[in-house]
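The values are calculated or read from the model by the stated rules, or taken from the named source; none is laboratory data. What you see is a predicted model; the values in this text were computed from it and never measured. Cβ sites come from the backbone with ideal geometry, for glycine too, and all protein chains shown count toward neighbours.
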Amino acid sequence: MSDSTYILDNKLLASNDSRFINNLVDSSLTYAFSLVLQYFFFPFLIGFFDSFDLTGFGVWYYNLNEWYWLGISWTLTLGYYVLTEGFLGRSLGKFITGTIVINKSGNKPGFRIILIRTLIRFIPLDILSFLGNSGRGWHDSFSNTYVVKKKALDESIKLHYEFDLIGMPEIE
């Protein structure tokens, strides 16, 4: 194999429709998970601890205001994206739409880059950053990542390295 490096072709970028579906699925999932925590899991824990006369958790829970819930929601969102995109390169929404997060070389970004990407999502106007022609949000641009169609990426990378093999002697 040659020493050439694969460079991403912008034609592989996911459509704004795919990006919208990704966001809708992932936001719905993290919201549903926070509701399960708030209305089922935490009340279950309160009942469990109360049965041992440990009421501190219940007092804490019933005194939470919306800022605490916002913090819990952000923590869940941060964990969701860092774990799914960090380990798999894609969230559930990206699995559904057949897209994946990569860097310019077509590789899965590291955890630090995914963490940066996820933290930038919390900028309130990040969702509006898709209105430009680039098809990339701030969380893509600032972290130097791209969301592309996975099948098209796999074909493009395969074609790139097969093309590099032309003229190379065969090894027996």
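Can you name the condition, by its number, that Tyr81 falls short on among (1) surrounded by fewer than 18 Cβ atoms within 10 Å (Cβ to Cβ); (2) farther than 17 Å from Asn16 by Cα; (3) at pLDDT 85 or above?
(1)
If only one of Ile120, Ile72, Ile46 is more than 16 Å from Val25 (Cα to Cα), β-branched (Val, Ile, Thr) and in contact with a His (Cβ under 8 Å, 6 or more places away or on another chain), which one is it? Even if it seems obvious, please write down each step before you answer.
Details: Ile72 fails: in contact with a His (Cβ under 8 Å, 6 or more places away or on another chain); Ile46 fails: in contact with a His (Cβ under 8 Å, 6 or more places away or on another chain).
Testing whether each residue is more than 16 Å from Val25 (Cα to Cα), β-branched (Val, Ile, Thr) and in contact with a His (Cβ under 8 Å, 6 or more places away or on another chain) leaves just Ile120.
Scan Thr118, Thr75 and give me the residue that is without any contact (Cβ under 8 Å) to a residue 40 or more places away in the chain and of a type in the set (Ser, Thr, Tyr).
Details: Thr118 fails: without any contact (Cβ under 8 Å) to a residue 40 or more places away in the chain.
Going through Thr118, Thr75 in turn, just one is without any contact (Cβ under 8 Å) to a residue 40 or more places away in the chain and of a type in the set (Ser, Thr, Tyr): Thr75.
Can you work out which of the residues in the range 85-139 that are out of contact with any strand residue (DSSP E or B) (no Cβ under 8 Å at 6 or more places or on another chain) and among the polar types (S, T, N, Q) is nearest to Asp9 (Cα to Cα)?
Here the residue is Ser105.
Return the only residue of Gly98, Gly89, Gly135 being farther than 24 Å from Phe42 by Cα, out of contact with any Phe, Trp or Tyr (no Cβ under 8 Å at 6 or more places or on another chain), at pLDDT 90 or above and buried (at least 16 other Cβ atoms within 10 Å of the Cβ). Explain how you work it out, then say what you get.
Numbers: Gly98 fails: buried (at least 16 other Cβ atoms within 10 Å of the Cβ); Gly135 fails: at pLDDT 90 or above.
When all the criteria are applied, what remains is Gly89.
If I ask for residues that are touching a residue at least 24 places away in the same chain (Cβ under 8 Å) and either more than 17 Å from Thr30 (Cα to Cα) or of a type in the set (S, T, N, Q) (or both), which ones from the range 83-109 would you list? Step through it out loud before you land on a result.
Narrowing the range 83-109 to residues touching a residue at least 24 places away in the same chain (Cβ under 8 Å): 85-86, 90-94, 96-106, 109.
Within the range 83-109, Ser91, Thr97, Gly98, Thr99, Ile100, Val101, Ile102, Asn103, Lys104, Ser105, Gly106, Pro109 qualify.
What's the total number of residues in the range 112-130 that are part of a helix (DSSP H, G or I) and exposed (fewer than 14 other Cβ atoms within 10 Å of the Cβ)?
We begin by selecting, within the range 112-130, every residue part of a helix (DSSP H, G or I); these are 112-121, 126-130.
Right, trim to exposed (fewer than 14 other Cβ atoms within 10 Å of the Cβ) and you get 112, 128.
Total meeting the criteria: 2.
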